[in-house]
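Colleague: Input: one structure, supplied below.
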Amino acid sequence: MRIITLDSQTDFDGWRKAARALALNGVKPSDVSWRVADDAPELFEPIAPPLEPPQGTFNVPAKFVELAEVAILHRNPERFALLYRLLWRLRTHHDLLELATDPDVAEITAMATAVRRDEHKMHVLVRFREIGREQKSHFVAWFEPEHHIVELAAPFFARRFADMPWSILTPDLCAHWDGLVVSFTPGVSRSEAPGADRLEETWWRYYASIFNPARLKVQTMQKETSRNHWWNLPEASSIKPLIESAGHSANAKIANAATEPQKRPELPKASYKASEMPRKHADDIETLREEAADCRACHLYKNATQTVFGEGRQTARIMLVGEQPGDKEDLAGKPFVGPAGQMLDRALEEAGIDRRTVYVTNAVKHFKFVPRGKIRLHQKPNTPEIKACRQWYERELAAIKPDLVVAMGATAAQSVFGKITPINKNRGRAIDLADGTRALVTVHPSYLLRLPDADAKAREYRRFVQDLKIAADVLRKSAHAA
Ligand code: URA
């Protein structure tokens with residue numbers, strides 16, 4: 001039996017070097033035992049002769065290396081052996097990774113997915129607390145990852161919080177950023193993490209400002225967020241009092257309203273031509289949301305906090321499409337919860353459309369911005385980014401099958417129509433799309449927010465409400481026709 005001892009739990013280079021030497025020496029996977037330096041050694045380890053320096057070479061698909069680099073961060077102690085078994089088999093079966101049903105392939109793929117999901121959770125759930133004051137302040141967070149992901153996740157925080165010194169403490173490893181480089185030190189215990197302070201209060205106020213009980217799914221949040229992560233979030237303790245106080249406000253109606261899905265009338269036959277409707281197989285929205293959480297189709301995922309997927313009932317008959325999430329949406333993980341969302345809510349209400357009955361999404365699902373000091377300045381997505389993200393819009397469309405899509409602003413219109421589509425020339429009427437869906441074009445609510453002149457603002461707002469009334473009308477007519 002060969003005992004291979006790696007330097008650390010994440011020692012991919014050590015694993016790769018050893019695996020290559022083992023394979024070139026013809027050492028079978030069943031004859032290798034993998035350890036990590038700080039694991040307790042077994043008392044009586046059988047001695048094997050030293051390996052010959054590797055002679056010759058062999059290739060494995062680049063996809064295997066990518067998969068292995070991620071899967072090795074899984075906490076399962078069997079991962080090193082599994083990876084070596086796959087490497088051994090890949091030498092004679094180059095296409096092995098294409099066999100999704102192969103048990104080894106399925107297991108390694110599931111491990112890599114779990115690691116990516118954990119990385120995503122860390123990006124979204126880490127909350128920094130400020131320690132020290134003014135010049136000397138330092139931001140510290142406590143996090144308990146499921147897998148060995150600290151090194152994988154740290155560059156995201158360095159990009160995202162480039163101008164503040166921070167440390168993320170975990171039981172495995174701690175990451176630190178001094179404004180120039182990320183460094184790592186051994187893990188610490190929870191008692192070394194800081195308690196509540198100013199930052200927590202700031203976060204609480206922000207959370208309270210975007211809080212909408214109608215969109216809160218406490219059980220889903222708790223299911224998605226392990227107990228440790230859940231209690232780590234400053235907002236977790238605020239949710240109960242916020243729900244209670246919502247009972248005294250206008251939100252009470254929303255919070256207490258029945259959540260039974262509405263039965264959807266049949267789609268109007270006249271507006272669909274079957275031959276022109278190459279609708280894809282329709283997934284359900286929750287499955288799509290999960291898939292999109294790992295989307296890397298363009299570079300925008302790198303700096304954004306998370307994918308902001310669409311939100312609303314699968315039975316919605318109107319689908320509203322915006323441009324991309326803004327700063328607040330990026331943090332909250334929900335579309336249209338910031339100032340543009342408030343403007344939209346107001347206009348929908350005036351147009352007689354209940355936001356709870358529509359599906360709201362964006363053409364681009366990640367926040368694109370440039371950092372300016374502590375502020376993140378919105379940047380308009382470009383055509384390659386819009387195209388890269390269109391697959392999600394198409395799949396949302398196939399899942400929801402709305403009667404009407406409302407494209408708000410130029411980016412949304414480009415995605416909905418599949419080409420640049422001027423707003424003013426096309427607004428104010430429902431247009432039939434090639435796939436049978438009907439679309440209405442209007443301005444984006446942030447355009448109204450940006451108008452400096454109060455009269456122009458009021459006039460444009462009225463036109464926006466008017467467009468939404470047309471949407472409500474189209475819906476009424478198609479419901480009658482059905
Ligand atoms: N602007 C958008 O286009 N979408 C949002 O979700 C928020 C602001």
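Colleague: In vacuo Debye scattering of the range 373-451, one point per C-alpha: log10 I(q)/I(0) at q = 0.16, 0.24 Å⁻¹?
Modeller: Computed log10 I(q)/I(0) values: -0.65, -1.24.
Colleague: If ligands, DNA and RNA are left out, what is the accessible area of TYR447 with a 1.4 Å probe, given in Å² to the nearest 10?
Modeller: Around 80 Å² of this residue is reachable by solvent.
Colleague: Would you mind checking which residues have amide H under 5 Å from VAL36's amide H? H placed 1.01 Å from N; only 5 or more apart, or other chain.
Modeller: Under 5 Å from the amide H of VAL36: LEU6.
Colleague: In whole Hz and in residue order, list the ³J(HN,Hα) couplings for the range 158-169 that follow from phi through the Karplus curve 6.51 cos²θ - 1.76 cosθ + 1.60, θ = phi - 60°; x for Gly and Pro.
Modeller: Running phi through 6.51 cos²θ - 1.76 cosθ + 1.60 with θ = phi - 60° gives 5, 6, 6, 10, 4, 9, 10, x, 9, 9, 10, 9 Hz.
Colleague: Sticking with this one: Rounded to whole Hz and in sequence order, give me ³J(HN,Hα) for the range 70-82 from the Karplus expression 6.51 cos²θ - 1.76 cosθ + 1.60, θ = phi - 60°, writing x for Gly and Pro.
Modeller: Result, rounded to whole Hz: 8, 4, 5, 7, 5, 7, 4, x, 7, 5, 5, 5, 4.
Colleague: If you take every residue apart from ARG427 with its C-beta less than 15 Å away from the C-beta of ARG427, what net charge results, scoring Lys and Arg +1 and Asp and Glu -1?
Modeller: Numbers: positive: LYS425, ARG429, ARG438, ARG459, ARG462, ARG463, LYS469; negative: GLU460, ASP467, ASP473.
Neighbourhood net charge equals +4.
Colleague: Also: Averaged per residue, what accessible area in Å² does the range 1-40 show with a 1.4 Å probe, protein chains only? Intermediate results must be reported in sequence, preceding the final value.
Modeller: Details: 2060 Å² over 40 residues.
Counting only protein heavy atoms, the per-residue value for the range 1-40 is 51 Å².
Colleague: Right, here's the next one. Given a 1.4 Å probe and the protein chains all in place, what does the accessible area of THR5 round to, in Å² to the nearest 10?
Modeller: That residue has around 80 Å² of solvent-accessible surface.
Colleague: Compare the peptides 15-24, 451-460, 81-90 by average per-residue count of other Cβ atoms within 10 angstrom and give them in order, highest first.
Modeller: On the way: 15-24: 18.5, 451-460: 11.1, 81-90: 20.1.
Top of the packing list down: 81-90, 15-24, 451-460.
Colleague: Check which residues have an amide H placed less than 5 Å from GLY428's amide H, if you skip close sequence neighbours.
Modeller: Hits under the 5 Å cutoff: VAL441.
Colleague: From the Cα gyration tensor of the range 274-481, with a ≥ b ≥ c the square roots of its eigenvalues, which class applies: rounded if a/c is under 1.5, or else prolate if a/b is larger than b/c, or else oblate?
Modeller: Since a/c reaches 1.5 but b/c is at least a/b, the shape of the range 274-481 is classed as oblate.
Colleague: Let me ask something else about it. From largest accessible area down, sort ASP7, ASP178, ASP435, ASP473; use a 1.4 Å probe on the protein chains.
Modeller: Largest accessible area first, the list is ASP7, ASP178, ASP473, ASP435.
Colleague: What does the charge add up to near ASN303, with Lys and Arg as +1, Asp and Glu as -1, over the other residues with Cβ less than 11 Å from its Cβ? Before the final figure, lay out each step's value.
Modeller: Working: positive: ARG159, ARG160, LYS302, LYS368, ARG376; negative: ASP330.
Result for the local shell: +4.
Colleague: Around THR442, with a cut-off of 15 angstrom between Cβ atoms, what is the net charge of the other residues, counting Lys and Arg +1 and Asp and Glu -1? Don't skip to the end; give the middle numbers.
Modeller: Numbers: positive: ARG346, LYS425, ARG427, ARG429, ARG438, ARG459, ARG462, ARG463, LYS469; negative: GLU323, GLU350, GLU460, ASP467, ASP473.
Net local charge, THR442 excluded: +4.
The values are calculated or read from the model by the stated rules, or taken from the named source; none is laboratory data. What you see is a predicted model, and the numbers here were worked out from it, not measured in a lab. Methodologically, a virtual Cβ is constructed for each residue, glycine included, from the backbone with ideal geometry; neighbour enumeration extends over all protein chains shown. SASA here: full protein model, heavy atoms, side chains in, ligands and nucleic acids out. Shrake-Rupley method; radii C 1.70, N 1.55, O 1.52, S 1.80 Å.
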